Amino acid sequence: MPDRLKALARMLLRRSRLGSDMDDEMGFHIAEYRDDLIRSGVPQAEAARRARQEFGNIGRTKEDCREAGGFSMFDEFVRNVTYALRQLRRAPGFALSAILTLGLCIGANTAVFSVINATLLRPVPYPQPDRLVTIVREMRRGGDLVSTSGQDGYAWEALKDARSFQVAAIGGTSGVNLGIGNGALYVQQQRVSAGYFRVLGVPLARGREFDESEDRPGGPPAVILSYGLWQRVFHGDASIVGRTVLLRGAPFVVVGIADETFRPRGLVDLWTPLMPSTKGEGQGLNYDLIARLRSDTTWAQASAEAQTRGIAAFADRKIPSTISARMVLAPFDRDNRAALRNRLLLLSAAVVIVLLIGCVNIASLKLARGAARRREMGTRIALGGGTASLLRQLITESLVLGAAGGAVGLGLGYIAIDALQAVVVRYGIWQELRLDSHVLLATLFLSLLVSVLFGLAPAFQATGVDIRAALLEGGSLGVAGERSHWLRHTLVLAEVALSLVLLVGAGLLIRTLLYLQHRDPGFDGTNVVAASASLEDARYNESDSVNRLYRESLDAIRATPGVEAAAVGLHVPYQRWLNDGVRIAGNSSSPIEDYGTALNYVTPGYFEVLRIPVREGRVFDERDAANSVPVAVVSATFVNKYLKGRDPLTCALGSGPLTLQIVGVVGDLQQQPGLMRSGPIALEPAMYVPATQFSSAGFRMAHTWYSPSWVVRATGGRAQIARTIEKAIAAVDPQLPVATVHSMTDERDAALQSERINAWLLGILAALALSLALVGIYGIAANAVAERTREFGIRMALGSSTARLMWDAVAPGMLLSAAGVTIGGLLAAASVGVLKGLLYGVRPFDESTFLVMAGVLIGVSGIASLIAALGVARLAPANVLRQA
Amino acid sequence: MKTLADLLPGTLDLLVLKAASLGPLHGYGILLRIQQISRQMLQIEQGSLYPALYRLEHAGLITSEWGVSENNRRAKFYQLTRSGHTRLRKETEQWTLFSTAIGHALDARPEEV
């Protein structure tokens with residue numbers, strides 16, 4: 001076999017100079033023979049003549065050699081490709097639409113596959129990823145899973161010295177300020193415990209990772225820079241290791257530089273020690289624990305040890321007796337994959353449907369062309385072209401189309417991957433999306449597959465060509481040949497049915513997005529801009545300094561012409577708010593469990609800026625100072641949920657050591673829920689406290705997770721308002737950069753990003769499917785008109801009305817789309833279940849969506865058929881009859 | 001003198017393999033070699049040799065290489081591949097078996113039946 005392969009490879013290489021090689025070889029033969037003849041006494045001229053004559057016909061011999069050497073099959077292939085290209089050039093409309101259709105379908109599949117490849121197929125980019133785990137906390141009531149969550153400081157204490165695995169803790173990633181010269185840069189900081197890089201198994205480019213002494217409360221401030229930041233800001237200066245930088249308003253020693261190839265989850269510019277403890281954030285479930293199993297332990301051993309140690313961790317916490325808590329080892333990228341898997345499966349189903357529709361469409365186009373080429377096929381068969389060689393030629397034509405479509409698809413996929421990159425970054429994927437060998441192979445495979453798929457039908461039809469009928473029909477004697485139509489009609493039917501499935505899916509997702517976008521936001525966001533800045537900063541460790549910053553910057557902003565109102569709040573609507581538990585004084589029904597609430601600290605004026613309606617009592621003003629009675633304002637939902645039947649203004653709330661008097665009730669705001677999974681945005685119980693009364697410890701903790709926002713209502717547009725805020729903050733603190741500037745619509749879009757992406761992606765795919773189906777329907781009608789021209793002409797001459805004839809032309813397409821819609825409706829009903837977790841404000845079996853989409857499909861196929869049928873109206877009976 | 005057209009089909013391939021197995025040869029050399037080893041009893045039609053060479057090369061039984069002939073002319077030399085040698089051995093065995101069998105059959109006398 002290898003010899004054969006080598007021979008084949010050589011043959012391909014040699015093919016180009018085959019002709020001259022054969023001339024040389026046979027020339028040599030004749031020359032040698034001639035010389036031998038001369039040597040044996042034959043005169044020179046006679047020898048040359050005999051040598052040539054006895055060799056025989058050189059041309060025929062060469063032809064025989066070509067065939068014997070297997071060159072002829074390749075020649076046939078080349079001939080077929082050339083012929084296929086000529087066919088495509090001759091029908092540029094068909095070629096263009098087929099290649100574009102294929103390109104779009106393959107491009108969509110390439111892009112989606114690249115995401116699947118990066119997220120689900122390629123392992124996380126760390127050594128021995130199968131030994132990496134996350135340790136999560138599972139809470140069960142009875143047998144039911146209540147929650148899977150991160151860990152608190154007690155769990156860290158209990159697990160950090162485990163024997164069977166090395167463990168590291170990760171806090172959140174937040175924006176902080178890095179001092180550069182006289183200003184500061186807003187960068188992304190991830191807080192990690194000592195051992196983080198060791199557990200992941202990635203070495204640093206320079207320096208070392210944090211040690212135990214740095215990773216404990218009160219330890220010396222240390223920082224590790226990402227390679228990118230080191231290059232960008234410090235220009236790759238190696239002497240930076242060991243020097244200090246101004247970070248979060250204080251000096252930090254640079255102890256290391258991460259490796260260039262290291263890819264953390266999400267965007268990280270630098271790392272600081274987490275300093276895990278059982279105080280502050282360590283009291284809540286704010287740590288993610290990752291671990292690497294030691295080489296001599298099994299998963300079961302590690303799991304058992306985590307569980308045993310977990311018991312000690314849970315003993316320190318007040319966990320209700322009805323709940324059983326457990327430490328569970330999970331694959332390292334569990335969250336990531338779970339979050340993406342369903343969405344990706346949905347998306348791949350959609351792109352595969354589009355691809356199928358595309359194939360069906362091209363097959364049907366080719367069938368139509370096949371009908372036009374019946375005469376050609378008939379002629380070729382009549383002239384002795386074997387069915388096999390005819391098939392080979394048809395398949396070659398499909399392959400050429402498939403290859404061209406694949407190339408276009410690859411290009412489109414490349415563009416789409418770029419666009420998707422920005423989307424998937426949000427899901428914190430480790431791997432970059434790229435066109436690697438997997439994706440290229442998948443695209444190649446897909447191109448081949450579709451070539452076969454859409455090539456099959458016409459080939460199937462071609463082999464059944466009845467020579468006599470084809471030659472006759474191709475002349476002018478033909479009448480409509482019904483026999484070959486069922487195949488094409490079935491294909492278009494399938495196309496319509498599949499389109500409806502996608503249309504219904506897209507319709508439901510679009511309705512979800514519209515529903516969420518048009519829910520009453522609870523505030524008025526027009527002319528409001530929110531600008532955030534990181535206060536996770538040594539200069540803002542105290543309540544006094546934070547409030548001074550707010551007061552002075554807000555005074556400057558309010559003094560600017562055009563500004564109507566300004567305030568600062570930890571959060572703005574549509575964000576995910578800080579969660580806190582409060583006790584409700586005088587409520588004895590459940591003295592232990594805290595009531596979960598979203599918490600926001602605000603300066604006076606916050607409610608005015610956002611025009612949040614005040615339902616009862618008052619909101620904050622200058623009276624609510626640091627040393628006056630602690631007060632709170634709660635949301636309507638808070639009252640409905642927790643203070644049912646009581647006068648809220650008489651109630652007090654216990655928060656930590658404080659007792660807060662409720663002084664007012666305000667309307668609800670849409671926000672990303674942190675307490676319950678109730679969709680992307682919801683109305684949550686919310687509590688507001690004055691910034692002046694927020695504790696220093698509270699500020700420090702809140703600011704490690706969230707950057708507060710300056711919210712300003714003003715005329716003059718977003719850019720101008722942003723400049724006003726930036727100038728005012730810079731005047732108070734030149735080292736405090738504004739991190740983000742958002743309008744309230746931006747905030748809403750950010751909260752609904754997943755839903756928007758869903759609706760857009762499926763919407764685009766459904767539109768693609770719809771237009772492909774329309775081309776199919778149009779083709780059917782146009783074909784019917786073309787085939788029945790003679791019949792129509794005769795009927796017209798006999799007095800039939802144009803409307804009646806047009807109806808006859810439109811009817812087959814309409815019947816098909818009606819049948820397709822029926823089948824598609826059933827298919828859609830059977831498959832909308834997969835959307836269940838993604839729909840809000842609309843049920844999967846939403847009749848109106850089904851009906852509207854069916855109507856759209858039937859309506860546009862009617863229009864497509866009608867356009868094709870207009871040809872009938874232009875018929876001149878006399879011409880038609882004369883042509884016959 | 002017999003021409004090869006009168007021989008059994010497939011014989012030419014076998015003869016070419018045999019000739020080429022005795023060392024690299026160009027096409028003309030193979031022709032001469034066949035005449036020589038068949039003791040001038042077989043004459044091959046010159047033009048039919050080359051398709052056989054191309055067929056055998058395509059089947060991976062022989063390889064070719066351009067070189068210089070004894071008369072200092074550029075010539076293409078053929079030689080057996082590993083599978084060519086295997087094939088030659090097998091065909092030789094079969095041929096021997098076949099010719100022995102036919103020989104026995106044709107030698108048969110009435111009293112032996």
Self-check item: Dipole magnitude (debye, nearest 20) for the protein assembly as shown, charges at Cβ of Lys, Arg, Asp, Glu
Solution: 2020 debye
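Would you work out the relative contact order for the stretch A:32-170, in percent, from Cα pairs under 8 angstrom that are 6 or more residues apart?
Numbers: 43 pairs, mean separation 10.0, N = 139.
Relative contact order here is 7 percent.
Counting partner chain Cβ atoms within 10 Å of every residue's Cβ in A:21-28, what's the average? Mind showing how you got there, number by number?
Details: counts 3, 3, 0, 5, 10, 7, 3, 9.
Across A:21-28, the average partner-chain Cβ count within 10 Å equals 5.
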Quiz item: Do any trypsin sites (Lys or Arg not before Pro) in the stretch A:231-298 lie in a DSSP loop with no more than 13 other beta carbon atoms within 10 Å, and if so, which?
Solution: A:Arg243, A:Lys279
Practice problem: Using only C-alpha positions, report the orientation-averaged shadow area of the convex hull of the stretch A:129-332, nm², one decimal. | Solution: 12.0 nm²
Self-check item: Inter-chain shielding of B:56-64 (mean C-beta neighbours from other protein chains, 10 Å cut-off)
Solution: 6
Quiz item: Using the beta-carbon distance between A:Ala786 and A:Leu85 and R0 = 30 Å, what value does 1/(1 + (r/R0)^6) give for FRET efficiency, to the nearest 0.05?
Solution: 0.70
Exercise. Counting other Cβ atoms within 10 Å, keep those with at most 16, restrict to DSSP loop, and tell me which GluC sites (Glu not before Pro) in the stretch A:495-556 are left.
Key: A:Glu542
Exercise. Output the antiparallel fraction of DSSP beta bridges having both residues in the protein assembly as shown, as a percent to the nearest 5.
Key: 80 percent
Quiz item: In a Debye calculation with equal point scatterers on the alpha-carbon sites of the protein assembly as shown and no solvent, what is log10 I(q)/I(0) at q = 0.10 Å⁻¹?
Solution: -1.20
Quiz item: At 222 nm, what helix-only mean residue ellipticity would chain A give, in deg cm²/dmol to the nearest 500, using -39500 (n - 2.57) for each DSSP H run of four or more?
Solution: -17500 deg cm²/dmol
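State which entries of A:Lys62/B:Lys76; A:Lys279/A:Lys644; A:Lys6/B:Lys18; A:Lys6/B:Lys76; A:Lys644/A:Lys836; A:Lys279/A:Lys727 exceed 27 angstrom in Cα-Cα distance in the structure shown.
Too far apart for the 27 Å limit: A:Lys279/A:Lys644; A:Lys644/A:Lys836; A:Lys279/A:Lys727.
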Quiz item: Once label points are set 7 Å from the Cα along Cα→Cβ at both A:Asp520 and A:Asp21, what is their separation, rounded to one decimal in nm?
Solution: 8.5 nm
Self-check item: Full-extension gain in nm, A:Arg551 to A:Arg326, via 0.36 nm per residue minus C-alpha separation
Solution: 76.3 nm
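Each reported figure results from applying straightforward, stated rules to the coordinates on display, with no laboratory input. Here the structure is a predicted model, which is why all the values come from computation and not from measurement. Glycine gets a Cβ as well: all are built from the backbone with ideal geometry, and neighbour counts include every protein chain shown.
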